[in-house]
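Below: one structure, written as structure tokens.
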């Protein structure tokens with residue numbers, strides 16, 4: 001029960017903004033995450049930003065996955 | 001006399017206003033001799049040799065104008081494509097309208113121009129039409145009902161009865177463009193890159209059929225998308241179809257719309273894509289023939305046909321993880337979801 | 001930055017191999033339960049169950065908010081849709097849920113005005129554009145979604161949009177987890193926890209699972225690697241006898257969650273007892289509009305309701321508790337299919353039965 005997509009916040013004013021991913025844009029409300037900044041990747045659910053993606057953590061996880069895959073391939 | 005800006009009930013009445021509408025709005029756009037006589041029936045030239053093919057279709061779309069097309073263009077392409085995938089050369093269309101009282105004339109003009117464009121691109125003539133008007137509130141702006149007449153050349157026999165195990169399943173390009181464009185427009189998603197793939201396919205099918213490959217059957221994956229079309233085909237042909245997830249191409253912007261709204265691209269409509277079942281040994285040659293045509297640049301083999309398995313799913317998706325999951329026919333229209 | 005890297009097939013293959021190795025240390029077969037409809041869908045879409053070793057069983061619990069919505073709620077929504085000058089707005093998920101007399105989709109055919117929206121703000125806009133009508137938004141969903149309805153209510157209050165009402169069917173997550181963890185009939189060894197609910201409520205909300213019930217739990221996202229990292233961690237915890245609650249979705253979930261979102265919900269809603277289809281009444285597991293916002297509560301509109309009809313033979317409740325797999329319900333695949341759904345588990349594409357029907361029906365393997 002959680003369809004939320006990471007999209008980039010590309011415009012904002014006090015209460016709302018525009019998110020974008022692969023050229024697809026939507027107006028969203030920032031009421032639930034007023035501290036989101038331009039350039040942040042945010043989780044978008046039902047027209048609202050509900051959270052901010054921590055990019056450092058995201059990259060760390062991707063790196064971990066890379067290592068896991070490499071280690072397994074090396075046998 | 002000042003032209004009415006909106007459609008009135010009288011425009012469907014068969015009297016003066018109807019005649020003005022036909023002369024001003026339809027005739028110039030569809031310009032052809034059969035239509036110009038404005039008689040009760042269009043008398044056509046003798047058909048080329050072969051078997052006549054006849055189809056009928058009804059169209060309603062929301063929004064009626066979208067990136068890449070409109071109700072008019074969609075109606076002509078959809079009708080032409082039904083003929084084209086049957087292996088027929090499309091020749092003539094009829095185009096009937098049910099308009100809602102109050103429809104803006106400009107919007108009607110857009111539909112007419114779209115239909116005319118479709119007819120030009122497809123090389124068909126719109127030779128007969130009709131217009132009725134229903135009271136405001138009793139119609140969703142405009143409904144279009146068409147019929148299409150074509151000819152299947154002698155010796156050509158396409159259809160699901162010809163599909164056999166070993167056949168390759170080809171698609172002419174990325175999937176889901178039309179449905180994603182329309183759903184995006186309905187739910188506040190915008191994009192410069194998003195556009196319907198709506199297009200007439202007669203040129204593409206002709207190119208494939210002229211390529212010297214064994215084409216067994218063709219379909220256009222409209223409502224319900226590629227998955228539903230394959231499910232219908234597998235049921236009629238009594239075969240098993242395996243689609244390769246890694247081979248199915250979805251444009252990034254289409255994927256994003258699907259992710260945001262919770263749609264599966266395999267079930268999202270296309271309006272200008274061709275699915276073809278060809279003999280397995282001809283797959284590469286068939287792909288090359290499609291790619292040589294502007295509408296088939298990204299054609300690819302996306303699956304194969306196998307013997308049916310008793311108790312097994314007629315269509316399965318081979319996922320990129322080495323698993324298989326069944327692709328059933330859509331229960332109803334895909335709705336956006338949050339869960 | 002999108003989720004493609006998180007779906008990498010080589011990483012999935014590697015995680016599967018690691019799970020198989022770790023599972024060799026398990027003393028017996030274990031059962032993991034996920035409690036999120038979006039997890040059910042994602043797991044089925046990738047065919048993950050087929051990749052797990054036979055002694056790691058992954059089942060779906062009551063994670064689909066539509067499935068746990070009682071028939072009475074849908075009946076009320078339908079009755080509202082048929083009121084004069086009333087527009088019911090809903091997420092698509094609810095349109096085909098069977099009620100006592102039909103469904104919201106069927107109500108449209110009988111002249112009711114029901115509109116599918118992507119966002120509660122779209123319903124608010126409909127309210128602005130239809131000032132002579134009452135707009136009722138069907139508020140279903142867990143903690144991921146409730147804040148968005150609360151946000152729409154805040155906008156309605158600020159903008160004095162008086163014709164926007166909500167019929168709350170919201171449910172909250174930790175309470176049913178307690179019930180499941182404590183129920184001896186439900187043999188679940190560990191939980192995969194819903195990543196986006198956790199974005200709102202925070203990782204700390206689940207510590208009771210380990211501390212009070214000795215069950216390991218992992219908060220995970222929705223990509224195949226996210227789910228499999230969770231399975232790997234839980235199998236390791238079970239093999240080691242190590243009940244812990246681990247956050248494996250740190251890129252989105254913090255310990256405290258989204259405080260602003262929770263405050264917005266608190267402004268408009270209070271915790272209430274709620275009926276969960278199949279589980280019965282669970283205290284403090286739902287959200288009801290506070291009395292000072294009764295002017296926003298669609299519950300106060302008087303409508304005639306049918307006697308709620310629970311379909312005979314339907315075993316949605318047992319499916320939701322994970323006590324049976326869908327094929328063990330006598331109606332599954334025969335009388336009850338996605339095209340003709342009897343229970344809500346089949347109607348929602350997230351429902352355990354619908355996901356099973358679409359993806360697992362042909363697997364022919366117990367626990368698959």
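The values are calculated or read from the model by the stated rules, or taken from the named source; none is laboratory data. Just so you know, these numbers come straight off a predicted model, no measurement behind them. Please note: Cβ atoms are built from the backbone with ideal geometry, for glycine as well, and neighbour counts cover all protein chains shown.
Do we have residue B:289 as surrounded by 17 or more Cβ atoms within 10 Å (Cβ to Cβ), farther than 19 Å from residue B:231 by Cβ, more than 8 Å from chain C (Cβ to nearest Cβ) and in contact with a strand residue (DSSP E or B) (Cβ under 9 Å, 6 or more places away or on another chain) here? The answer is no for residue B:289. If you go through the stretch C:6-52 and keep only what is more than 13 Å from chain B (Cβ to nearest Cβ) and over 26 Å from the mean Cα position of the chain (by Cα), you end up with C:18, C:19, C:20, C:21, C:22, C:23, C:24, C:25, C:26, C:27, C:28, C:29. The numbered conditions (1) surrounded by fewer than 24 Cβ atoms within 10 Å (Cβ to Cβ); (2) within 7 Å of chain C (Cβ to nearest Cβ) are all true for residue A:50 except (1).
Restricting attention to the stretch C:83-101, the residues that are away from chain B (no Cβ under 14 Å) and either under 25 Å from residue C:316 (Cβ atoms) or in contact (Cβ under 8 Å) with a residue 12 or more places away in the chain (or both) total 8. With respect to the stated conditions, residue B:300 fails to be crowded, with 23+ Cβ neighbours inside 10 Å, more than 14 Å from chain C (Cβ to nearest Cβ), touching a residue at least 60 places away in the same chain (Cβ under 8 Å) and in contact with a helix residue (DSSP H, G or I) (Cβ under 7 Å, 6 or more places away or on another chain).
Which of the following residues is in contact with a helix residue (DSSP H, G or I) (Cβ under 8 Å, 6 or more places away or on another chain) and surrounded by fewer than 22 Cβ atoms within 10 Å (Cβ to Cβ): C:219, C:282? Give the derivation first.
Working: C:219 fails: surrounded by fewer than 22 Cβ atoms within 10 Å (Cβ to Cβ).
Exactly one residue qualifies, and that residue is C:282.
Looking across the stretch B:312-338 at every residue that is more than 7 Å from chain C (Cβ to nearest Cβ) and in a loop (DSSP other than H, G, I, E, B), the one that is farthest from the chain's Cα centre (by Cα) is identified as B:322. Note on the stretch C:313-368: residues that are more than 21 Å from residue C:49 (Cα to Cα), more than 21 Å from the chain's Cα centre (by Cα) and at pLDDT 85 or above total 5. Identify all residues within the stretch B:164-187 that are touching a helix residue (DSSP H, G or I) at 6+ places or on another chain (Cβ under 7 Å), within 14 Å of chain C (Cβ to nearest Cβ) and surrounded by fewer than 22 Cβ atoms within 10 Å (Cβ to Cβ); write none if there are none. The one that is touching a helix residue (DSSP H, G or I) at 6+ places or on another chain (Cβ under 7 Å), within 14 Å of chain C (Cβ to nearest Cβ) and surrounded by fewer than 22 Cβ atoms within 10 Å (Cβ to Cβ): B:187. Given the residues C:127, C:190, which is the only one that is more than 11 Å from chain A (Cβ to nearest Cβ), crowded, with 18+ Cβ neighbours inside 10 Å, more than 25 Å from residue C:38 (Cβ to Cβ) and at pLDDT 95 or above? So the residue among C:127, C:190 that is more than 11 Å from chain A (Cβ to nearest Cβ), crowded, with 18+ Cβ neighbours inside 10 Å, more than 25 Å from residue C:38 (Cβ to Cβ) and at pLDDT 95 or above is C:127. Exactly one residue out of C:202, C:169, C:195 is modelled with pLDDT of 95 or more and farther than 29 Å from residue C:292 by Cβ, and it is C:195.
The single condition from (1) in contact with a helix residue (DSSP H, G or I) (Cβ under 8 Å, 6 or more places away or on another chain); (2) crowded, with 18+ Cβ neighbours inside 10 Å that residue B:193 fails is (2). Screening residue B:55 on (1) at positive phi; (2) under 28 Å from the mean Cα position of the chain (by Cα) shows it passes everything except condition (1).
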